[in-house]
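What follows is a set of notes on a single structure, which appears directly below.
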Amino acid sequence: MSSTPCSFHDLATLDDAARARLLRRSETDLSSFVETVRPIIEAVKSEGDAALLRFARDLDGATVAPGALQASEAEFDAAFKAVEPEVIDAIRFGIDNIRRFHEEQKPEPMWFKEMRPGAFAGDRWTPIQSAALYVPRGKGAFPSVTMMTSVPAVVAGVSDLCILTPPTADGSVDAATLVAARLAGVETVYKVGGAQAVAAAAFGTETIQPKIKIVGPGSPFVVAAKSLLSGVLDTGLPAGPSEAMIFADETVDGALAALDLLIEAEHGPDSSAYLVTHDRRVAEEAMAALPGHWARMTEQRATFSRTVLTGPYGGIVLTPSLEDSYRFVNDYAPEHLELLSTEPFRHLGRITEAAEILMGLHTPVTLGNFVLGPNAVLPTSRWARTYGPLSVTDFLKRSSIGYVTSTGYPELALHARRLARYEGFSSHENAVSEMRDAILSKPR
């Protein structure tokens, strides 16, 4: 494969250092972004709306009028007239599936169990008070992100919700984003993006009330701002530039694998996308199919995906064996993973490190991104090893509850007293000693 349209990596020939480089993402080193966003954050903290309007002009090339940072009801109404009816139908369809999925996912409000005779314990779930939902705009319009962030928050019952999204050049909001917001149940949308949006969520401005959490994917600038502000607000799961891995076994047509390889690669030049297969035929067919697939894409998206697949964060990985394919997928811990196979369940048990696993020949990432139902806001940069997809529980908080009766108390107090004494906590010990018994036995 001396002349190829994308990067080709023969895993059997790579040393440990070269293999480790394949696991890197574009946002692995955020140090330069952190230094860039630090003054932006400080400006928003000290200047409020004035800084947001200035950054809209200087960073987004958008003119937002003073007092117009929030999308008006008239702008929402106009959006429904501007968006084609079939697109609105698709948004409704996607929201319906996403809502059904997240309603099933929502835990019972409370469980309570008798742990020992007379001693009860359990959990209670309640909504968080507020959340900001970040919807990126830089490389396209993403009503799907609006759907994925808004629906679980509404299902969870969060009462104070807003969407933050970069303005267009004329100071408006993408119309389909407003449609998706209203259909999902969110009526507060602010025209602010990037690091300044994260800062506005953290500190508030004259127009924007501070929130306690922000969720949603974003550029490395957004990720860097979240990192700097993680001590001020809950920044949720780490969701940066898109990444996907297409696992293909010997039952797959390589042209199909190439078709799906381009899905996330077209998001932007900072995306990551790999086809992983142990079958050389699949790899060669995929390589041969890429030029034809690119010819049927828009020039911008084809350019984005070529950049990814010829760069350090994408391409085709040929592994020595099926076991090596499993190992490489788990080491990479992708955001999106397709198991392309006529028997995908054969492989599912061997994959443990992926945020989203889409199985079979008829489940491309496209369906997961828009309409299948599971959440497509997913952890990136190998954080799938410890995080899962955005969910209803990201907008709920869990409280432990306990209740011990006079019947159950003596046994628990005995063992707790012994442990308190061993650890040297005298007040702990006193609270479950005869001192408590004496106080409770006094007549009232």
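The values are calculated or read from the model by the stated rules, or taken from the named source; none is laboratory data. Source: prediction; values computed, not measured. Positions of Cβ are backbone-derived with ideal geometry, glycine not excepted, and every protein chain shown enters the neighbour counts. The area values use the complete protein model at the heavy-atom level, side chains included, leaving out ligands, DNA and RNA. Shrake-Rupley method; radii C 1.70, N 1.55, O 1.52, S 1.80 Å.
Overview of values
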{"quantity": "Long-range neighbours under 6 Å by Cβ, at least six apart or interchain, first residue small (Gly, Ala, Ser) within segment 285-296, second modelled with pLDDT of 95 or more and surrounded by fewer than 19 Cβ atoms within 10 Å (Cβ to Cβ)", "calculated": "Ala289/Ala255"}
{"quantity": "Candidate set from segment 230-244 (those that are touching a helix residue (DSSP H, G or I) at 6+ places or on another chain (Cβ under 8 Å) and outside any loop (DSSP other than H, G, I, E, B)); member that is surrounded by the most Cβ atoms within 10 Å (Cβ to Cβ)", "calculated": "Glu243"}
{"quantity": "Criterion: in a helix (DSSP H, G or I), in contact with a strand residue (DSSP E or B) (Cβ under 8 Å, 6 or more places away or on another chain) and either within 30 Å of Thr366 (Cβ to Cβ) or β-branched (Val, Ile, Thr) (or both) - qualifying residue of Ala131, Ala153", "calculated": "Ala153"}
{"quantity": "Meets criteria (hydroxyl-bearing (Ser, Thr, Tyr), under 14 Å from Ile246 (Cα atoms) and touching a Pro at 6+ places or on another chain (Cβ under 9 Å)) for Thr310", "calculated": "no"}
{"quantity": "The listed residue being part of a helix (DSSP H, G or I) and open to solvent by 10 Å² or more (accessible area, probe 1.4 Å), out of Val223, Val173", "calculated": "Val223"}
{"quantity": "Residue within segment 161-168 that is among the β-branched types (Val, Ile, Thr), open to solvent by 20 Å² or more (accessible area, probe 1.4 Å), farther than 23 Å from Gly373 by Cα and in contact (Cβ under 8 Å) with a residue 12 or more places away in the chain present", "calculated": "yes"}
{"quantity": "Matching helices (runs of 4 or more DSSP H) fully within segment 308-421 where at least 3 residues are among the charged types (D, E, K, R)", "calculated": "322-332"}
{"quantity": "Residues satisfying the stated conditions in segment 367-381, i.e. within 13 Å of Phe142 (Cα to Cα) and among the polar types (S, T, N, Q)", "calculated": "Asn369"}
{"quantity": "Pair list, Cβ < 9 Å and 6+ apart or interchain, from segment 44-61 residues that are in contact (Cβ under 8 Å) with a residue 24 or more places away in the chain and at positive phi to residues that are open to solvent by less than 60 Å² (accessible area, probe 1.4 Å) and outside any helix (DSSP H, G or I)", "calculated": "Gly48/Gly204; Gly48/Thr205; Gly48/Thr207; Gly48/Ile208"}
{"quantity": "Conditions (1) part of a loop (DSSP other than H, G, I, E, B); (2) open to solvent by less than 10 Å² (accessible area, probe 1.4 Å); number of the one not met by Thr146", "calculated": "(1)"}
{"quantity": "Output for segment 386-444, where each listed residue is surrounded by 14 or more Cβ atoms within 10 Å (Cβ to Cβ), of a type in the set (Ser, Thr, Tyr) and under 30 Å from Trp125 (Cα atoms)", "calculated": "Tyr387, Ser391, Thr393, Tyr409"}
{"quantity": "Identity of the residue in segment 299-317, open to solvent by 10 Å² or more (accessible area, probe 1.4 Å) and in contact (Cβ under 8 Å) with a residue 40 or more places away in the chain, that ends up farthest from Asp10 (Cα to Cα)", "calculated": "Phe304"}
{"quantity": "Extreme residue, modelled with the highest pLDDT, among residues of segment 270-298 that are over 15 Å from Phe8 (Cβ atoms), open to solvent by 10 Å² or more (accessible area, probe 1.4 Å) and touching a Pro at 6+ places or on another chain (Cβ under 9 Å)", "calculated": "Trp294"}
{"quantity": "Some residue of segment 58-69 being touching a strand residue (DSSP E or B) at 6+ places or on another chain (Cβ under 6 Å) and of a type outside the set (Phe, Trp, Tyr)", "calculated": "yes"}
{"quantity": "Some residue of segment 157-170 being assigned to a loop (DSSP other than H, G, I, E, B) and among the hydroxyl-bearing types (Ser, Thr, Tyr)", "calculated": "yes"}
{"quantity": "Answer from Ala265, Ala289, Ala257, Ala302 - the residue that is of a type in the set (A, V, I, L, M) and closer than 20 Å to Phe370 by Cβ", "calculated": "Ala265"}
{"quantity": "Count - residues of segment 46-101 that are open to solvent by less than 40 Å² (accessible area, probe 1.4 Å), in a helix (DSSP H, G or I) and touching a Phe, Trp or Tyr at 6+ places or on another chain (Cβ under 8 Å)", "calculated": "2"}
{"quantity": "Residues (in a helix (DSSP H, G or I) and open to solvent by 50 Å² or more (accessible area, probe 1.4 Å)) located in segment 7-19", "calculated": "Ala12, Thr13, Asp16, Ala17, Arg19"}
{"quantity": "Top-ranked residue in segment 20-41 [being in contact (Cβ under 8 Å) with a residue 24 or more places away in the chain, outside any loop (DSSP other than H, G, I, E, B) and not basic (Lys, Arg); ranked as nearest to Leu262 (Cα to Cα)]", "calculated": "Leu22"}
{"quantity": "Condition broken by Gly268, with the remaining ones in (1) assigned to a helix (DSSP H, G or I); (2) farther than 27 Å from Leu348 by Cβ satisfied", "calculated": "(1)"}
